[in-house]
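Engineer: Have a look at the structure that comes next, please.
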C-alpha cells in the first residue's frame, strides 16, 4: 500500500535503492591493485593469511580498523523527512 501520492511499491523501491547504494559503496572501498607485505601506515608486516584473504590490502588489521573508525557512513535519507531537510 502506497502512502499519499507515492506509487505502489515505493517503500520497497527505497529499500532496494538503499541496499544497492550500500553494496556499491562497500565494493568501492575494497582494496584493489598490488598489495604490500608491510603496512603503509605503521610499517609492520601484514600476515600472509590477510594478504591471501584480501588481495591488494596495504594495511595491517589494526591500522585498517583505525581508518575504518574515522570514516563515517554517509547515507541518503530517501524519505525526505523534515528533520533531515533541516540539517
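Here, each number is a calculation from the coordinates, and none is a lab measurement. Not measured: the values here are computed from a predicted model. No Cβ is skipped: glycine too gets one built from the backbone with ideal geometry, and neighbour counts run over all protein chains shown.
Engineer: For the range 6-31, how many residues meet the condition of being assigned to a loop (DSSP other than H, G, I, E, B) and under 20 Å from the mean Cα position of the chain (by Cα)?
Structural biologist: The total comes to 2.
Engineer: Still on this model: Output the number of the condition that residue 34 fails; it satisfies all remaining conditions of (1) in a loop (DSSP other than H, G, I, E, B); (2) surrounded by 10 or more Cβ atoms within 10 Å (Cβ to Cβ).
Structural biologist: (2)
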